[in-house]
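*Asks:* First, the structure itself, so that you have it in front of you.
The values are calculated or read from the model by the stated rules, or taken from the named source; none is laboratory data. Computed from a prediction, not measured in an experiment: that's the story for all the values here. Note: ideal-geometry Cβ built from the backbone for every residue, glycine included; neighbour counts use all protein chains shown.
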Amino acid sequence: MAENKKPGNTLSTTEKKLTFCIKSKSCGACHLANLSYDQQLSLKTGTTIKLISKFCHIEPIIGAKNPTGYRNKAQAVFMRDKRNNLVSGIYRSSDGNAVPVDNCRLQTAKTNEIFKTLCLLFKSFKVKPFDPRTKSGYLRSVTIREAFATGEIMVIISAVTPDFPAKKTFCTALVGKHPEIKSVIFAQNKNTERLFQGTNSKVLYGKPYITDYLCGLEFHISPLSFYQINHDQTEILYNKAIELAQLSNEDTVLDAYCGIGTIGLVASKQAKSVIGFEINGDAVKSAIENAKLNKIKNVRFYKASDSEFFDFAGDEKLNFSTVFLDPPRAGCSQSFLSALCSKIKPKKIVYISCNPETQARDLRFLTKNGYKCKTSQPVDMFPYTNHIENIVLIEKVFISDVQ
């Protein structure tokens, strides 16, 4: 007799598949590499049910049509192998080591090809990789960003010193091999603890941004812009969030933690007006530029923390009928949620979370302070990892609703 299993139960050894990547155990990035994709969705459904079902009904998880090759951003460090060849790989934050990987299944084929080309070029140009143990060397890391809708690619090189040698010759060789590269950025990184952060960035080749299209809108992606990793699933996520909100041309919308304005700009097509706030000043500049780029005039974006924004909203007597929440993994602060419930008092909240654990904590607060959860929609944004994206529609409870 077949054994019945509820979604989320631990799978037996016989159910597990051979890993789809020989480096998965040493790399550690693909937490679920030993499971089939259907089994991954089952586990993620179970996690969502465990955390969110006490608040509302959960719709079936929306899986990815293409669960591999979906990352539009990839980061690599460089090192010497046993034969002293320069190779690229994944930085393992758990112990500070790097794992040589030349064909990551989550990255696109083009990204993997560019990393291989960079290894050859760095060797040819005698660029030495930075050694975190001896604190010697030059090259810290490389980040590749890819715009799926246009095919444009940005390469961001991070190094210890402020100059890149033979930059013109190097870029000519790199772009000659990969004409899809429309931007090469150089950033100095003297921080020996953080490999992927740099300052004083400058354009070595092309434009300071690449262009992508998302949900029918055009976006400029700069080196430090936050932009969702999975383009196709992001369109599904945002369209589902807008669908749940059921916006009309009478709705005034707040886009909290707006980033470069993606959700707010998509929502603006159906709403009367949209205001977004974000603590990152560069992201706010990008949001304003993206609004101009798309000729959208019913949106405004502000650089502010949540407490600063609520003070501003109170002074300006701003009212919002719908709020989109898309906070970082840590979720919302209690002071933010308290102000949301007592000052803004929106009719609807659409809460998009990349961490259902902190989302459940925040839902607990909201349901104790005048709101009820209506439905939940998980979306698999990160196949082969244990990360889950989840949308919850939350509505204000009025006296008539409880009579």
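*Asks:* Against the condition modelled with pLDDT of 95 or more, among the aromatic types (Phe, Trp, Tyr) and over 17 Å from the mean Cα position of the chain (by Cα), how does residue 55 come out, does it pass?
*Replies:* Considered against the rule, which asks whether it is modelled with pLDDT of 95 or more, among the aromatic types (Phe, Trp, Tyr) and over 17 Å from the mean Cα position of the chain (by Cα), residue 55 comes out as yes.
*Asks:* How many residues does segment 161-177 hold that are exposed (fewer than 15 other Cβ atoms within 10 Å of the Cβ) and assigned to a loop (DSSP other than H, G, I, E, B)?
*Replies:* Count: 5.
*Asks:* Also, quick follow-up: Can you name every residue in segment 104-154 that is closer than 23 Å to residue 23 by Cβ and part of a strand (DSSP E or B)?
*Replies:* Within segment 104-154, 107, 129, 131, 139, 140, 141, 142, 143, 144, 145, 146 meet the criteria.
*Asks:* Exactly one condition in (1) in contact with a helix residue (DSSP H, G or I) (Cβ under 8 Å, 6 or more places away or on another chain); (2) closer than 23 Å to residue 392 by Cβ; (3) modelled with pLDDT of 90 or more; (4) not hydrophobic (A, V, I, L, M, F, W, C) is not met by residue 294; state its number.
*Replies:* Among (1) in contact with a helix residue (DSSP H, G or I) (Cβ under 8 Å, 6 or more places away or on another chain); (2) closer than 23 Å to residue 392 by Cβ; (3) modelled with pLDDT of 90 or more; (4) not hydrophobic (A, V, I, L, M, F, W, C), the lone unmet condition for residue 294 is (2).
*Asks:* Could you tell me whether any residue of segment 268-279 is more than 26 Å from residue 377 (Cα to Cα) and surrounded by fewer than 22 Cβ atoms within 10 Å (Cβ to Cβ)?
*Replies:* Yes, because at least one residue in segment 268-279 is more than 26 Å from residue 377 (Cα to Cα) and surrounded by fewer than 22 Cβ atoms within 10 Å (Cβ to Cβ).
*Asks:* Mind checking which residues of segment 21-46 are basic (Lys, Arg) and crowded, with 19+ Cβ neighbours inside 10 Å?
*Replies:* Across segment 21-46, the qualifying residues are 23, 44.
*Asks:* If I filter segment 381-403 down to residues being surrounded by fewer than 24 Cβ atoms within 10 Å (Cβ to Cβ) and charged (D, E, K, R), which single residue comes out as nearest to residue 324 (Cα to Cα)?
*Replies:* 395
*Asks:* Additional query: Within segment 129-156, restricting attention to residues that are surrounded by 15 or more Cβ atoms within 10 Å (Cβ to Cβ), farther than 25 Å from residue 30 by Cβ and more than 19 Å from the chain's Cα centre (by Cα), which residue is modelled with the highest pLDDT?
*Replies:* Per the criteria, the residue is 139.
*Asks:* Those residues that are surrounded by fewer than 17 Cβ atoms within 10 Å (Cβ to Cβ) and either at negative phi or among the polar types (S, T, N, Q) (or both), I need them from segment 339-360; list them, please.
*Replies:* Matches in segment 339-360: 342, 343, 347, 357.
*Asks:* If a residue must be of a type outside the set (Gly, Ala, Ser), in a loop (DSSP other than H, G, I, E, B) and out of contact with any helix residue (DSSP H, G or I) (no Cβ under 6 Å at 6 or more places or on another chain), how many such residues does segment 255-291 contain?
*Replies:* Summing the residues that are of a type outside the set (Gly, Ala, Ser), in a loop (DSSP other than H, G, I, E, B) and out of contact with any helix residue (DSSP H, G or I) (no Cβ under 6 Å at 6 or more places or on another chain) in segment 255-291 gives 6.
*Asks:* May I pose another question? List pairs: first residue in segment 285-298 and free of Cβ contacts under 8 Å to residues at least 12 places away in the same chain, second residue surrounded by 15 or more Cβ atoms within 10 Å (Cβ to Cβ) anywhere in the structure, Cβ distance under 8 angstrom, at least six positions apart or on different chains.
*Replies:* Close Cβ pairs (under 8 Å, with a partner that is surrounded by 15 or more Cβ atoms within 10 Å (Cβ to Cβ)) amount to 297/291.
*Asks:* Please go through segment 223-240 and pick out each residue that is surrounded by fewer than 22 Cβ atoms within 10 Å (Cβ to Cβ) and over 11 Å from the mean Cα position of the chain (by Cα).
*Replies:* 223, 224, 232, 235, 236, 239, 240
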